[in-house]
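This report concerns only the one structure given below.
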């Protein structure tokens, strides 16, 4: 085991003019005496910015923590994408969605995994043409967000966030872009 001060060693670079004690051995990584307990996958998830945007171009998307958690899923299919969230367990995983390609047929749909999960929160639906908007809240049975390409969202831009906050519960908030008289994007379909 070696102690390295302010140098590059085995792909670890310390910069910035501050003196750090970095200890690397076969089993642990320590910085200033604090053991780093993160796995390589966890470090990659927060440090690898090349995977921050995930483009969804197929008709369906099975959302997973590994591929979509703490990333932005860009819905890029004019014929719509149906994204199914993983079962809500209280993991704290955060899933963000935005529309990159406006929906011109079908819908962009984000729904829970099963009939025991629900969403709680609200979305602000902005009428892009009029420059107005309306906030819509979930009901106790809301489990699906449908953006139809006009009145309930589905135009390019905006962002919505779902957070796995408890068993059977996703918190939802955000702003989606619509045109025409806004209608709620929430429903109970699962």
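Being under 12 Å from the mean Cα position of the chain (by Cα), at positive phi and modelled with pLDDT of 95 or more is the filter here, so list the residues in segment 63-103 that pass it.
Result: 92, single match.
Quick one: residue 129 ticks every box in (1) buried (at least 20 other Cβ atoms within 10 Å of the Cβ); (2) over 17 Å from the mean Cα position of the chain (by Cα) bar one, so which box is it?
Unmet condition: (1).
Of the residues 157, 180, 133, 80, which single one is free of Cβ contacts under 8 Å to residues at least 60 places away in the same chain and either out of contact with any strand residue (DSSP E or B) (no Cβ under 7 Å at 6 or more places or on another chain) or assigned to a loop (DSSP other than H, G, I, E, B) (or both)?
180
Looking at the structure I just gave you, is residue 145 assigned to a strand (DSSP E or B) and surrounded by 17 or more Cβ atoms within 10 Å (Cβ to Cβ)?
So residue 145 passes the test.
Considering only segment 116-124, I want to know if a residue exists there that is in a loop (DSSP other than H, G, I, E, B), out of contact with any strand residue (DSSP E or B) (no Cβ under 6 Å at 6 or more places or on another chain), in the same structural domain as residue 157 (by TED's automatic domain parsing) and over 30 Å from residue 167 (Cα atoms).
no
Considering only segment 83-98, how many residues are part of a loop (DSSP other than H, G, I, E, B) and under 11 Å from residue 111 (Cα atoms)?
Within segment 83-98, residues that are part of a loop (DSSP other than H, G, I, E, B) and under 11 Å from residue 111 (Cα atoms) number 3.
The values are calculated or read from the model by the stated rules, or taken from the named source; none is laboratory data. For clarity, every value in this text was computed on a predicted model and none was experimentally measured. Please note: Cβ atoms are built from the backbone with ideal geometry, for glycine as well, and neighbour counts cover all protein chains shown.
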